[in-house]
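What follows is a set of notes on a single structure, which appears directly below.
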Amino acid sequence: TAESRALTFDGIDNQGVSSFAVNALNMQLFTGLGDHLSMQTSVDFVPRNRDPADPDGVFLGDFLDIKLAYAEYRSPRDSNKLNLYAGKFESVLGREYRRFEATDMITVTPSLLCRYLCGRPLGLKGRIELFGGKVNAAVAVTNGSPAYEHFGFYNEIDSNHAPTGSARLGIKLPIGSRSELGASGAFGAQDLQAENDIYQWHIGADLFLDYRDFELQAEYVQGKADGETEAMDGAVPCGITECIDYKGAYGLLSYRATNALIPFARVDWRDALHQGGASFVYISELLRITAGLRAEVGKHLIFKGEYTVNRELGRVPSFPNDTFTSTMIVKY
């Protein structure tokens, strides 16, 4: 790990060598308030290095990450199930967010699209199931975009007066018990700036197939944040407000070989241009192939390991950046 534009502090500071690290301790709290109202929170305790004796150092060490904090109302009607949410909740775009916690995620790392879709925005959300669960729809009005919280296009507390609206429609497929085809999108004022007419949008489609012991999950998403450029000849694009234009897709196939072993393979693709005036430009046209294994030892212990092959496409020359990563998760 190293410093980045998303996280300017490297709390692990392993000097570029292999190392064990305690990434996070997650605690989830749930309480019911009557028959139809509940509250749920999820907090990460994140242990990190720091040197308080260094007067020039950055004094961010251990910290807390509040991931979820919302109230949920469940309608008493059985025909059309309606859920209402208020607070900091999961996005409605796509479906990768449904398995974003380490205990639920099949892989070790998320997809290349996750930085744009896996955030937990703050606002109001509603979800309804129709026609006996064959169709489901969700809408949300939030302060900002569904971008992941550590990505530079996320803002939990709004900087402008225009909220972000998002929606998803899902249709159950007659394959297995949970197969579904979905489409989703979001539109609103761009985060981290004060103007209401500088926009960002996301649109995509997702597929989940459940057949016997096989699961296939796939998504395609594209989006854009307009940014702002000075109104003068020869001005550098996105010099006032950063802009981004991206599209990408992934497919994840897993197979439950036994109750304990799940081999998996994933293919990711992303084409993104992120620019901030003359000081920064990020060009990413990448193909990524990942293969790995998830092993569940009883109810409380999970081991996961994966190897990723990265191949640069387009204008960026290839360089050696294949990776192996593994994790051990204890849950109780």
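Select from region 274-332 those trypsin sites (Lys or Arg not before Pro) which occupy a DSSP coil region and have at most 10 other Cβ atoms within 10 Å, ordered by residue number.
On the way: sites: R288, R294, K299, K304, R311, R315, K331; in loops: K299, R315, K331.
Answer by residue number: K299, R315.
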Scattering profile of region 276-317 from the Debye formula, Cα beads only, expressed as log10 I(q)/I(0) at q = 0.22, 0.30, 0.32 Å⁻¹, is -0.79, -0.99, -1.02
Name the aspartates and glutamates eligible as straight-distance cross-link partners of K304: C-alpha to C-alpha under 14 Å, and not fewer than 8 places from it in the same chain. E101, D104, E296
Taking +1 at the Cβ of each Lys and Arg and -1 at the Cβ of each Asp and Glu, which of I12, G32, L286 sits farthest along the dipole of the chain towards its positive end, judged by Cα position relative to the Cα centre? G32
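Quick one: putting +1 on the C-beta of Lys and Arg, -1 on the C-beta of Asp and Glu, what dipole do you get for region 224-332 around its Cα centre, in Debye to the nearest 20? If you can, show how the numbers build up before the last one.
Working: 12 positive and 13 negative charges, 199 e Å.
Rounded to the nearest 20 debye, it is 960 debye.
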Given GluC sites (Glu not before Pro), DSSP loops and at most 14 other Cβ atoms within 10 Å, the longest exposed-site-free stretch of the chain is 4-229
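Per the Cauchy relation, a quarter of the hull surface: what is the mean projected area of the convex hull of the alpha carbons in region 75-213, in nm²? Don't skip to the end; give the middle numbers.
Working: hull surface 37.0 nm².
Computed as one quarter of the Cα hull surface, the answer is 9.3 nm².
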Using the Kirkwood formula on the Cα atoms of the chain, what hydrodynamic radius do you get, in angstrom to one decimal? 21.8 Å
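As a check on your grasp of the helix formula, calculate [θ] at 222 nm for the chain: sum -39500 (n - 2.57) over DSSP H runs of n ≥ 4, divide by the residue count, round to the nearest 500. Intermediate results must be reported in sequence, preceding the final value.
Values: 1 runs with 4 residues, N = 332.
That calculation yields 0 deg cm²/dmol at 222 nm.
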Loop-only check: which trypsin sites (Lys or Arg not before Pro) in region 107-197 are DSSP coil with at most 15 other Cβ within 10 angstrom? K134, R178
For region 255-332, what is the accessible area per residue in Å², given a 1.4 Å probe and the full set of protein chains? 60 Å²
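Taking only C-alpha pairs under 8 Å that are 6+ residues apart, what is the relative contact order of the chain in percent?
Computed over the chain, the figure is 9 percent.
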Compute the signed sum of charges (Lys and Arg +1, Asp and Glu -1) over the other residues within less than 14 Å, Cβ to Cβ, of T41. -2
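What does the charge add up to near S159, with Lys and Arg as +1, Asp and Glu as -1, over the other residues with Cβ less than 10 Å from its Cβ?
Values: positive: none; negative: D158, D191, E195.
Net of charged neighbours comes to -3.
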Violations at 18 Å Cα threshold for listed pairs K88/K125; K88/K299; K88/K247; K125/K247 -> K88/K299; K88/K247; K125/K247
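Whole number please: convex hull volume per residue, Cα atoms of region 249-332, in Å³.
Working: hull volume 10.7 nm³, N = 84.
Cα convex hull per residue, to the nearest whole number: 128 Å³.
So which chymotrypsin sites (Phe, Trp or Tyr not before Pro) in region 84-154 are both in a DSSP loop and have at most 15 other Cβ atoms within 10 Å of their Cβ? Don't skip to the answer; put the middle values down first.
Values: sites: Y85, F89, Y97, F100, Y116, F131, Y148, F151, F153, Y154; in loops: F89, F100, F131, Y148, F151, F153, Y154.
Loop-located and lightly packed - F131.
The values are calculated or read from the model by the stated rules, or taken from the named source; none is laboratory data. Bear in mind that the values here come from a model prediction, so they are computed numbers and not experimental data. Glycine also receives a Cβ, built like all others from the backbone with ideal geometry; neighbour counts cover every protein chain displayed. When the accessible area is computed, the model is the full protein with side chains, heavy atoms only, and any ligands, DNA or RNA have been set aside. Shrake-Rupley method; radii C 1.70, N 1.55, O 1.52, S 1.80 Å.
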